[in-house]
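Working notes, structure below.
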Amino acid sequence: MPAGLLPIIYLAFVALGLPDSAIGSAWPAMAPSLGASLSWVGAVTMIISAGTIVSSLMSVRVVERFGTGRVTAASVLLTALALIGFSLSHEFWQLCLLAIPYGLGAGAVDAALNAYVAVHYESQHMSWLHCMWGVGASGGPMIMGACLGMGVWNDGFRALGAIQLAIVAVLTLSLPLWRDRKLPKAKGREGGAPVRRTRRELLRIDGVVAVLLCFFCYCAVEGTCGNWAASYSSLAAGVPTQTAASWASMFYIGITVGRALSGFLSLKCSDSQMIRLGQVLIAAGVLTMISPWGHDVLAPALVLIGLGCAPIYPSIIHATPARFGDDVALELTGMQMAIAYVGFLVCSPLFGVLAQYISIDLYPYYLGVFLVVMVIAAEKVNRVQKTRAARRA
């Protein structure tokens, strides 16, 4: 690998994270100006998630045809244009329309880069890659909060779009570094032509369904926690709107710091151990939030949940080649990205409906339910992996 390629990959993940929490952190201010209700943000996130699902499932063909570098640059450009479009929007339907290119861009770069790093780099680089996503995701609410303090929410999206365009320029200049560095293709039988497995065949592999369920639940936790942190802080804990937008970054700061530390911990701990550690920390954060003094320590609780989320996503992705083989890594990573965004598509908007018609106080309990299912699914994968290792021995 060229010495300059890894920083470029990291920068691409900063770009991926920057807009992820922007809508959630700005929504308390956006909704009144757009004539929208609290739960309507779910429609925007659902459209974004639908786009990411489509592009994740198409990532194998797209990357094989155009290469990871070109796909990455084009995808970041799509998200940049969508953000600038958000800044010019005055009607809710315009946000929904612009969410389509946003989702298509995000899903393609996510699947392509995760698979590329999982195959070509060590575990610590996967953690640091997602740390860079956290840099972007924690920076997004901070930029949005600063813009809300100086003007209106449109300025926040305009600033994020400009940053994305600058990153696109860097990615475009880096394209020669990616040349002829492709992911392994599916292996043919007895040295024959490469054979691609169908998704149905992949689902029959022992452990695949469980790892997809684990990923679904993880993304339900991450997506709901990040998207609704500002609204919960404002409506349940009584934090001012501008401050609540910045508080949403506490969760992403936790993820960022946690992934930086996870890169070092992964040198001593296995992927399975890192996942378990993260689940314990998420449980601690949720329990803190529902404690009698939960509103008073909400910001630390969000940081704690972020710290818990930190090692889970990169560890699941990095374990994919070792668990199932390099030759299916890209296909399975694309499937995992797709099911992850199904989690975002369904679970975060569903909580919006529950918050509007029942109570936003359900927030920590909702996170807790998905955590429990995630733990069950993750342990199932661990048992399958142990059985497979025993058979090889």
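The values are calculated or read from the model by the stated rules, or taken from the named source; none is laboratory data. All of these numbers come straight from a predicted model, not from anything done at the bench. Cβ placement follows ideal geometry from the backbone for every residue including glycine, while neighbour counts extend to all protein chains displayed. Surface areas here come from the heavy atoms of the whole protein model, side chains and all, with no ligands, DNA or RNA. Shrake-Rupley method; radii C 1.70, N 1.55, O 1.52, S 1.80 Å.
Report, ordered by the first and then the second residue, all pairs with beta carbons closer than 7 Å, sequence separation of six or more or different chains, a first member in segment 359-372 that is farther than 13 Å from S291 by Cα and part of a helix (DSSP H, G or I), and a second member that is open to solvent by 60 Å² or more (accessible area, probe 1.4 Å) and aliphatic (A, V, I, L, M).
As it stands, the answer is I360/L235, since those pairs meet every condition given.
For segment 132-150: of the residues being out of contact with any helix residue (DSSP H, G or I) (no Cβ under 6 Å at 6 or more places or on another chain) and under 21 Å from S231 (Cβ atoms), which is most open to solvent (accessible area, probe 1.4 Å)?
Once the filter is applied, the top-ranked residue is A146.
Can you go through Q94, Q124 and tell me which one is surrounded by fewer than 24 Cβ atoms within 10 Å (Cβ to Cβ) and within 30 Å of I316 (Cα to Cα)?
Result: Q124 is the single residue among Q94, Q124 that is surrounded by fewer than 24 Cβ atoms within 10 Å (Cβ to Cβ) and within 30 Å of I316 (Cα to Cα).
Condition check ((1) modelled with pLDDT under 60; (2) in contact with a His (Cβ under 6 Å, 6 or more places away or on another chain); (3) crowded, with 18+ Cβ neighbours inside 10 Å; (4) at negative phi) across all residues:
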| position | (1), (2), (3), (4) |
| --- | --- |
| W153 | no, no, yes, yes |
| L177 | no, no, no, yes |
| K187 | yes, no, no, yes |
| V211 | no, no, yes, yes |
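If only one of A260, A237, A245 is at pLDDT below 80, over 16 Å from G140 (Cα atoms), in contact with a helix residue (DSSP H, G or I) (Cβ under 6 Å, 6 or more places away or on another chain) and among the small types (G, A, S), which one is it?
On inspection, the qualifying residue turns out to be A237.
If you go through segment 253-273, how many residues are among the basic types (K, R) and touching a Cys at 6+ places or on another chain (Cβ under 8 Å)?
1
For A338, indicate whether it is within 16 Å of the chain's Cα centre (by Cα) and among the small types (G, A, S).
yes
Do we have any residue at all in segment 195-203 that's more than 24 Å from the chain's Cα centre (by Cα) and either modelled with pLDDT of 85 or more or polar (S, T, N, Q) (or both)?
yes
So for segment 21-29 (the condition being modelled with pLDDT of 80 or more, buried (at least 22 other Cβ atoms within 10 Å of the Cβ), under 22 Å from S348 (Cα atoms) and hydroxyl-bearing (S, T, Y)), does at least one residue qualify?
Looking for residues that are modelled with pLDDT of 80 or more, buried (at least 22 other Cβ atoms within 10 Å of the Cβ), under 22 Å from S348 (Cα atoms) and hydroxyl-bearing (S, T, Y), one finds none in segment 21-29, hence no.
Condition check ((1) modelled with pLDDT of 90 or more; (2) under 19 Å from the mean Cα position of the chain (by Cα)) across all residues:
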residue	(1), (2)
F264	no, no
D271	no, yes
A299	no, no
L302	yes, yes
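Check whether at least one residue in segment 148-166 is in a helix (DSSP H, G or I) and within 24 Å of M58 (Cβ to Cβ), and report yes or no.
Yes, segment 148-166 contains a residue that is in a helix (DSSP H, G or I) and within 24 Å of M58 (Cβ to Cβ).
Could you tell me whether segment 236-247 includes any residue that is closer than 25 Å to V328 by Cα and open to solvent by 20 Å² or more (accessible area, probe 1.4 Å)?
Taking every residue of segment 236-247 in turn, none turns out to be closer than 25 Å to V328 by Cα and open to solvent by 20 Å² or more (accessible area, probe 1.4 Å).
Taking the conditions exactly as written (in contact (Cβ under 8 Å) with a residue 12 or more places away in the chain and either open to solvent by 20 Å² or more (accessible area, probe 1.4 Å) or in contact with a strand residue (DSSP E or B) (Cβ under 7 Å, 6 or more places away or on another chain) (or both)), does R70 satisfy them or not?
It is true that R70 is in contact (Cβ under 8 Å) with a residue 12 or more places away in the chain and either open to solvent by 20 Å² or more (accessible area, probe 1.4 Å) or in contact with a strand residue (DSSP E or B) (Cβ under 7 Å, 6 or more places away or on another chain) (or both).
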